[in-house]
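Down below is the structure, laid out as structure tokens.
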Amino acid sequence: MTAKLIDGNALAAQVRAEVSGRTAALKAKGVQPHLAIILVGDDPASQVYTKHKAADSEQTGLKATLERFPASMPEADLLARIRALNEDPSVHGILVQLPIPRHMDTHKVIEAIAPAKDVDGFHVASAGALMVGQPGFWPCTPFGCLKMLDSIGYELKGKHAVVIGRSNIVGKPMAMMLLGRDATVTICHSRTKDLGAITRQADVIVAAVGKRNVLTADMVKPGAVVIDVGMNRNDEGKLCGDVDFAGVKEVAGWITPVPGGVGPMTRAMLLVNTITAAERAAG
Ligand SMILES: Nc1nc(=O)c2c([nH]1)NC[C@@H]1CN(c3ccc(C(=O)N[C@@H](CCC(=O)O)C(=O)O)cc3)C=[N+]21
């Protein structure tokens, strides 16, 4: 193996320690930072994720309230609950776990969250703020990827960063963050012709497609930094990313593993956004 590993678990622990410090400082001023997590339905994966998020919060001194509702909940009731949380000054962050049941309009539900409490960074106001460089909340996954690059002291200015994937929650915001650091950014996607010809020019590659082996060793310039956002299962049911880790680690300069890479950082950045929301509310 030539590539060095960027350890998401270790970095997330550091981030949580920083959040704990900020939480303690706010508590000393009489403010209890509080994240409201809404889970609609009984998807097993979502139940596990939301429990993890609540446990992470409690570990860093943040209060987390997990509210569970049946899949049959009318959309109007969910919107009303979100509006009540918007008005509640003791709540600083609101997260609606996705996916939500199909009879609900995800866009409408996200837009109901007050932008000042949008700790997922999914609201159009958050996306707009990122695009124009105004304070807001950055989506946790690309924010975590940027932190991972910072953790190795990587200078993005003038580098060619290639993002594979154009989702609203990872690819597009990731590209904006890299652009904000003066990288030259290329966004690739399912209709891109000759992906390898583009990725071979990259100094940094962020793979965020949701498909195994999207990036293989022959597509990577020696020494490049490879960030793997993928969360897939292989034929044995084991968690794996979008990157052919075994092959690419022989070529890349740095690489993130799955599990133990971007996933833990996504969870850590939610805590950062929540304490930031509470600090802003406290003035
Ligand atoms: N409103 C909303 N916000 C989200 O941020 C959100 C969501 N809905 N819905 C689902 C996805 C998925 N997601 C993950 C975060 C961390 C890990 C994570 O920590 N993964 C571990 C492994 C966990 C395992 O073993 O299954 C790792 O990569 O090491 C996974 C998945 C956040 N999501």
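Structure notes:
- Crossing angle, helix 8-28 versus the chain [Cα axis fit, 0-90 degrees, rounded to tens]: 30 degrees
- The stretch 166-283, relative contact order [Cα under 8 Å, separation at least 6], %: 19 percent
- Between 0 and 90 degrees, the angle of helix 171-180 with respect to the longest Cα principal axis of the chain falls at about 80 degrees.
- With Cα atoms, 0 to 90° folded angle of helix 44-59 axis to the chain main axis: 80 degrees
- Sequentially through the stretch 270-283, phi angles give Karplus couplings (6.51, -1.76, 1.60; θ = phi - 60°) of 4, 5, 4, 4, 5, 5, 5, 4, 5, 5, 5, 5, 6, x Hz, Gly and Pro residues having no value and appearing as x.
- Only Cα pairs under 8 Å and 6+ residues apart enter the sum, and on that basis the relative contact order of the stretch 30-114 stands at 42 percent.
- Highest-first arrangement of 267-277, 251-261, where packing means the average Cβ count within 10 Å: 267-277, 251-261
- Note on the chain: Cα Rg divided by 2.2 N^0.38 Å, N the number of residues, gives 1.01.
- Per-residue ³J(HN,Hα) for the stretch 203-215, Karplus 6.51 cos²θ - 1.76 cosθ + 1.60, θ = phi - 60°, Hz, x for Gly and Pro: 8, 10, 10, 10, 9, 9, 10, x, 9, 5, 6, 5, 10
- Estimated dipole of the stretch 30-114 in Debye, rounded to 20 [Cβ of Lys and Arg +1, of Asp and Glu -1, Cα centre]: 80 debye
- Translational diffusion coefficient (Stokes-Einstein; Kirkwood radius from C-alpha pairs) of the stretch 140-262 at 25 °C, 0.890 mPa s, in µm²/s: 175 µm²/s
- Excluding exposed DSSP-loop GluC sites (Glu not before Pro) (at most 14 other C-beta within 10 Å), longest clean stretch of the chain: 1-154
- From the alpha carbon centroid of the stretch 205-249 to that of the stretch 82-156 is 26 Å.
- Radius of gyration, Dmax [the stretch 30-114; alpha carbons; angstrom]: 12.7, 41
- Estimated FRET transfer efficiency (Glu67, Asp182; beta-carbon r; R0 45 Å; 0.05): 0.60
- Whole-number percent relative contact order across the chain, with pairs defined as alpha carbons under 8 Å at least 6 apart: 23 percent
- Estimated inter-spin distance, Glu87 and Asn168, nm [label 7 Å along Cα→Cβ]: 2.6 nm
- For Asn232, the residues whose modelled amide H falls within less than 5 Å of its own, excluding neighbours fewer than 5 places apart on the same chain, are Cys240, Gly241.
- Taking the 1.4 Å solvent-accessible surface of the stretch 140-262 as the whole, the part contributed by carbon and sulfur is 50%.
- Assuming charge only on the beta carbon of Lys and Arg (+1) and of Asp and Glu (-1), the dipole of the chain about its Cα centre is about 280 debye to the nearest 20.
- Stretched out straight at 0.36 nm per residue, the stretch from Glu75 to Gln32 would grow longer than its current Cα-Cα span by 12.5 nm.
The values are calculated or read from the model by the stated rules, or taken from the named source; none is laboratory data. All values derive from a computational prediction rather than experimental measurement. In this analysis, Cβ positions are derived from the backbone assuming ideal geometry, glycine residues included, and neighbour counts consider all displayed protein chains. Calculation scope for accessible area: heavy atoms of the full protein, side chains included, ligands and nucleic acids excluded. Shrake-Rupley method; radii C 1.70, N 1.55, O 1.52, S 1.80 Å.
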